[in-house]
1. Output yes when any residue across region 364-380 is β-branched (Val, Ile, Thr), without any contact (Cβ under 8 Å) to a residue 60 or more places away in the chain and in a loop (DSSP other than H, G, I, E, B), and no when none is.
2. Only one of (1) open to solvent by 30 Å² or more (accessible area, probe 1.4 Å); (2) in contact with a Lys or Arg (Cβ under 8 Å, 6 or more places away or on another chain); (3) at pLDDT 90 or above; (4) not charged (D, E, K, R) fails for residue 205. Which number is that?
3. Examine region 277-285 for a residue that is more than 32 Å from the chain's Cα centre (by Cα), hydrophobic (A, V, I, L, M, F, W, C) and either on the phi > 0 side of the Ramachandran plot or buried (at least 18 other Cβ atoms within 10 Å of the Cβ) (or both), and state whether such a residue exists.
4. Checking residue 55 against (1) in a helix (DSSP H, G or I); (2) over 34 Å from the mean Cα position of the chain (by Cα), only one condition comes out false. Which one?
5. In this structure, does residue 44 turn out to be open to solvent by less than 20 Å² (accessible area, probe 1.4 Å) and either in contact with a Phe, Trp or Tyr (Cβ under 6 Å, 6 or more places away or on another chain) or without any contact (Cβ under 8 Å) to a residue 12 or more places away in the chain (or both)?
6. Given the structure, is residue 206 of a type in the set (A, V, I, L, M, F, W, C) and more than 30 Å from residue 106 (Cα to Cα)?
7. Across region 2-38, what is the number of residues that are small (Gly, Ala, Ser) and within 23 Å of residue 185 (Cα to Cα)?
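The values are calculated or read from the model by the stated rules, or taken from the named source; none is laboratory data. Just so you know, these numbers come straight off a predicted model, no measurement behind them. A quick note on method: Cβ atoms are made from the backbone with ideal geometry, for glycine too, and the neighbour counts reach across all protein chains shown. Ligands, DNA and RNA are excluded from the accessible area calculation, which covers all protein heavy atoms including side chains. Shrake-Rupley method; radii C 1.70, N 1.55, O 1.52, S 1.80 Å.
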Amino acid sequence: MKDAEYKELRPANVYDVAANESWLEDMAKQGYRLKGMTGWSGIFEKAEPFSCRYRMQPLSKKEKHPPEETVEGYRELGWEYAGTIPGTFHVWRCEDPDAPELDTDPVVQGMGYRYLRGKMQRSAVVDGLLLAVLAALYVWAFANTSTPLLDTLEAVPGRILAGVATGCLIVMLIACEVRSMRRLLRSLNAGIPLDRPRPYRWQKWMARGLLAGMVFIWLTMLLGNIRAIDGGSLSGGWDNMGRDGAPKDGTVYVDLADLEGAAATEIWRSRTKFQEFCPRMYRTAQLSLDSEEEELQPGDSLPVRASAETTYYRMLTEGLARQLTEELTRRRIASFGVDGHPVLTEVETDALDGLWWGEDRYYQFAVARLGRQVLFVQYEGDSDLRQEGAYFASLLT
């Protein structure tokens, strides 16, 4: 029955023939009978545990199914067709322990790999060139921005790490496939049959890692910038407001009540996010309101006296914090989703590892660093942020 079908990832290296055959035989011992193959999985049906032999024979040309005369001839020898791994191998099964092997001469068996060896070599070259191009584009993109780390922090969390890990696994798989094909042909040409059973579990984990990485990258590309009802997204972060309308406990931000003694304040945005290089980020915006009592008309609100927008970064290492500080103090041009600011110059302070300050027509900007923590502040008000080193240090301690 179709409902009883079960799919399982095969070992990642399809050219490690003995490992794939050993995996299929172990599946049979667990009660799973192979019904067919996809590119990366075996399709099984549940059965009583049984012992059998599986053998993989290389395709001699591009085909989806072995010739019927071959199927009939092998059936007379006690072997049944179990499936085809697309573009690589036909898979055969035998439950009769006395039935003869399909390949009795290793040298002749090795001659059957001519088509598959050429296909594997072409695939390895194409895959390698594609990875090299993608890596070059990645390096070029970062080399042509003045704020590569900051741009990374503003991206979807996990995508870069998943991409690098998946790329490394693909390179490892290509190397393993080439090595397995060379070892296989060298052994067969020397008249040495395949050594079975062969370990395969580490290849199973490689297959899972590749699948997880590719699925994660695909999902983040598809869903990364789709915004929820409250404006949240994988790129922008998530709402960080508590039920009382204030940022949740632990949020680091410049409080106008402390900075300038504001009697009435309002938090109108607080978001949080994590990223592989920055375990915690907060972006909080606060307004200081005029506290003078006056009669307000319906729909009116108190006048705004000052504003402060704080972005807090707790980086993975102090070195990353220094790099982020260097990027934050450079001039940034305002663009879609990015607020611009002028070059920030260093200010003397004993309370921090560094304090930088700058201003334009409306706002003051400050960057404070203490260890692996970095604070970026955009402020409009009467206080001089150059004199607030001790206050910034209290936030980062």
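1. For region 364-380, residues β-branched (Val, Ile, Thr), without any contact (Cβ under 8 Å) to a residue 60 or more places away in the chain and in a loop (DSSP other than H, G, I, E, B): absent.
2. Of (1) open to solvent by 30 Å² or more (accessible area, probe 1.4 Å); (2) in contact with a Lys or Arg (Cβ under 8 Å, 6 or more places away or on another chain); (3) at pLDDT 90 or above; (4) not charged (D, E, K, R), only one is false for residue 205: (2).
3. Checked region 277-285: no residue is more than 32 Å from the chain's Cα centre (by Cα), hydrophobic (A, V, I, L, M, F, W, C) and either on the phi > 0 side of the Ramachandran plot or buried (at least 18 other Cβ atoms within 10 Å of the Cβ) (or both).
4. (1)
5. Against the criterion (open to solvent by less than 20 Å² (accessible area, probe 1.4 Å) and either in contact with a Phe, Trp or Tyr (Cβ under 6 Å, 6 or more places away or on another chain) or without any contact (Cβ under 8 Å) to a residue 12 or more places away in the chain (or both)), residue 44 qualifies.
6. So residue 206 fails the test.
7. Here the count works out to 4.
This table checks each residue for (1) charged (D, E, K, R); (2) closer than 16 Å to residue 309 by Cβ; (3) modelled with pLDDT of 95 or more.
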{"residue": "349", "(1), (2), (3)": "no, no, no"}
{"residue": "353", "(1), (2), (3)": "yes, no, yes"}
{"residue": "358", "(1), (2), (3)": "no, yes, yes"}
{"residue": "361", "(1), (2), (3)": "yes, no, no"}
{"residue": "365", "(1), (2), (3)": "no, yes, yes"}
{"residue": "370", "(1), (2), (3)": "no, no, yes"}
{"residue": "373", "(1), (2), (3)": "no, no, yes"}
{"residue": "381", "(1), (2), (3)": "no, yes, no"}
